[in-house]
Amino acid sequence: MLLSFSSISLLFMFCNGGEFSESMSLSNFIRAVDPENRLRIDRIMLLSHPCSYKLKGIICDLRATAVVEIRLVNLSLNGILDVDHMCKLRNLRVLCLARNGIKGTIPNSILKCTSLRYLDLSRNSLSGNVPVVLTKLKNLRRLDISDNHFMTVVHNTTPKVIPVKEKPLDSRRFKDSFPQKKSETGYAMAPISLMPLHTRQDEEKSKMYKRWGMWILVCLGFTILLLLVVLFLYMRAVRGGKETETLKELAQSPSRSPPIEEMDEEKPEERRSELVLFVEKEEWFKLEDLLEAAADLHTQGLWSSLYMVKLKNNAIYAVKRLKKLKVSFEEFALTMGKIGNLKHQNILPLIGYNSTDEEKLLIYRYQKNGSLLTLFENYVQGKRNFPWKLRLSMAVGIARGLDFIYRRFDDQDETIPYGNIKPSNILLSDSEEPLISEYGYSEFLDPSLFKSNRYTAPEKTLSEKADVFSFGIILLELLTGKIVERSGLDLPRWVKSMVRDEWTGEVFDLEVSKVEMYAFPLLNVSMNCVVNRPEDRPSIAEVLVKIEEVVNAQQDCFSIPPATSNTFPTPGSTSSH
């Protein structure tokens with residue numbers, strides 16, 4: 001009997017063990033808390049690893065291997081709290097279900113949630129006794145169960161429903177200690193104090209168990225210490241015996257040379273992780289700070305993932321995680337050292353990197369304005385303007401950045417081509433200056449991982465002329481307003497057909513047609529960049545000269561930012577942790 005596709009998928013996830021357990025636990029928890037599927041989450045999606053998709057309110061760690069936060073606030077959820085499956089998410093640190101309609105009780109089995117640090121169940125419909133077990137969660141730092149229907153039991157009286165009034169929590173972040181001053185919301189943050197309901201007998205048993213545990217630990221420590229002493233004496237006796245035997249041999253054979261112990265061959269050092277930073281000392285941080293921060297997965301592919309990471313000091317970084325690189329540990333470090341020292345206004349600076357044998361992390365400053373592709377799409381959708389002045393600024397900025405790359409290296413240094421120029425890799429600064437991003441590692445990627453795209457030169461090599469071809473496509477996009485990265489359009493062929501039919505003026509976008517006299521020279525430059533034979537293409541320096549001629553010809557109308565002088569870091573600006 002043939003297995004269905006879903007059966008095969010389930011069988012594959014079962015073989016993955018931990019990932020399947022993580023997926024099923026999250027899926028069951030979501031079903032229980034949201035029986036009516038108000039979150040509109042595809043149940044089949046939950047069967048795959050939860051970190052493979054960007055689910056609302058589900059936050060994973062930086063390595064995208066475990067769920068660390070669940071934040072589902074004010075979403076009209078009306079299910080129950082499935083604590084058993086929740087506690088199977090071993091790395092879950094934050095659970096926030098405030099302002100919903102969650103019913104039922106908080107079971108004592110919540111004690112199994114040993115990693116939980118932040119719990120906010122306020123403004124729901126929970127009932128039952130006040131869950132005293134919450135005070136026994138050792139790692140819990142913040143708790144809010146206010147505005148529910150919990151019931152406390154007072155001896156010799158009937159049960160009374162007493163609303164538990166907790167002070168509200170700062171739901172945006174959590175810390176490992178309780179602040180003594182007021183928070184941004186105006187309320188002091190403090191752990192709650194619940195009425196102890198256990199009996200005196202339970203307290204005596206607890207004290208007895210603690211005393212026994214202390215004695216067991218003392219005895220165990222003494223035993224280990226004794227074993228270490230015996231082992232030390234034994235090793236010294238063995239070593240002394242060997243020396244005695246050697247002296248006897250020397251006494252019996254004085255003409256013989258003393259035996260020389262053969263040295264073990266040196267084993268190569270194990271590749272250890274390192275964090276290298278290219279910023280001033282006041283901006284340094286540790287690898288642990290990066291890995292412990294909550295990460296928002298932006299994109300994910302076969303060989304890379306991109307995260308937005310916010311550290312505790314509110315610094316926001318974009319972290320590129322690379323896998324399957326064909327490069328030695330030393331060569332990667334040497335190349336990243338060169339890239340980290342590049343400083344230019346149109347190249348996104350490399351803040352730092354972390355390197356292991358298995359994977360690499362590249363760290364950049366997060367650019368909130370998105371990319372040139374975002375700018376194109378917003379313009380096409382009518383969400384913003386894309387005037388000629390800004391297009392010309394994009395063209396000259398990208399050209400200056402590429403020109404700097406190919407002039408930066410002298411005869412002693414081998415030039416590092418870019419190799420992957422496209423609008424999504426051109427980011428926008430706060431002042432909407434173009435920034436060439438993710439430069440320096442294309443040569444280490446397996447060529448089989450690349451899919452042919454309309455930006456890749458026909459020769460499919462890493463070189464300056466190949467980058468000129470890619471830049472020519474972007475220049476055509478700026479002139480025509482057509483997006484190649486999403487549509488896959490063969491833009492040079494389309495432009496050639498329009499020119500051949502004497503419709504040259506029709507290739508320009510509406511905004512560009514307003515300044516047609518300046519656009520024609522750039523159209524000629526772009527068509528020279530995208531010819532098939534690399535030897536017939538201009539260099540990037542020649543392209544930049546032509547573009548700046550157009551800029552200079554219209555200085556009276558537009559103000560294009562001038563190129564700044566190239567600067568390099570001073571000695572000591574690179575740090576390693």
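Within segment 300-328, take every residue that is among the hydroxyl-bearing types (Ser, Thr, Tyr) and touching a Leu at 6+ places or on another chain (Cβ under 8 Å) and give me the one that is surrounded by the most Cβ atoms within 10 Å (Cβ to Cβ). Walk me through how you get there before you give the answer.
Applying the first criterion (among the hydroxyl-bearing types (Ser, Thr, Tyr)) to segment 300-328 yields 304-305, 307, 317, 328.
Right, trim to touching a Leu at 6+ places or on another chain (Cβ under 8 Å) and you get 304-305, 307, 317.
Working: SER304: 20, SER305: 21, TYR307: 25, TYR317: 19.
Here the answer is TYR307.
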Considering segment 425-441, residues that are at positive phi and in contact with a Lys or Arg (Cβ under 9 Å, 6 or more places away or on another chain), and then whichever is modelled with the highest pLDDT, we arrive at GLU438
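Being surrounded by fewer than 19 Cβ atoms within 10 Å (Cβ to Cβ), at pLDDT below 90, among the hydrophobic types (A, V, I, L, M, F, W, C) and at negative phi narrows it down to one of LEU39, LEU62, so name that one. Steps first, answer last, please.
Numbers: LEU62 fails: surrounded by fewer than 19 Cβ atoms within 10 Å (Cβ to Cβ).
Result: LEU39 is the single residue among LEU39, LEU62 that is surrounded by fewer than 19 Cβ atoms within 10 Å (Cβ to Cβ), at pLDDT below 90, among the hydrophobic types (A, V, I, L, M, F, W, C) and at negative phi.
From VAL83, VAL67, grab the single residue that is within 23 Å of the chain's Cα centre (by Cα), modelled with pLDDT of 85 or more and of a type in the set (Val, Ile, Thr).
Values: VAL83 fails: within 23 Å of the chain's Cα centre (by Cα).
Being within 23 Å of the chain's Cα centre (by Cα), modelled with pLDDT of 85 or more and of a type in the set (Val, Ile, Thr) holds for just one of VAL83, VAL67, which is VAL67.
Before we move on, is SER470 within 30 Å of the chain's Cα centre (by Cα), of a type in the set (Gly, Ala, Ser) and in a helix (DSSP H, G or I)?
Working: within 30 Å of the chain's Cα centre (by Cα): yes; of a type in the set (Gly, Ala, Ser): yes; in a helix (DSSP H, G or I): yes.
So SER470 fits the description; yes.
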Scan segment 93-137 for residues that are within 29 Å of the chain's Cα centre (by Cα) and assigned to a loop (DSSP other than H, G, I, E, B) and report the count.
-> 9
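Can you pull out every residue in segment 486-523 that is among the aromatic types (Phe, Trp, Tyr) and touching a residue at least 24 places away in the same chain (Cβ under 8 Å)? Walk me through it before giving the result.
Pass one, segment 486-523, residues among the aromatic types (Phe, Trp, Tyr): 494, 503, 508, 518, 520.
Hits for segment 486-523 are PHE508, TYR518.
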ARG493 fails exactly one of the following numbered conditions: (1) surrounded by fewer than 17 Cβ atoms within 10 Å (Cβ to Cβ); (2) modelled with pLDDT of 90 or more; (3) under 21 Å from GLU377 (Cβ atoms). What is the number of that condition?
-> (3)
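The values are calculated or read from the model by the stated rules, or taken from the named source; none is laboratory data. Keep in mind that this is a model prediction, so the values were computed, not measured. Cβ coordinates were reconstructed from backbone atoms using ideal geometry, including for glycine residues, and neighbour counts include every protein chain displayed.
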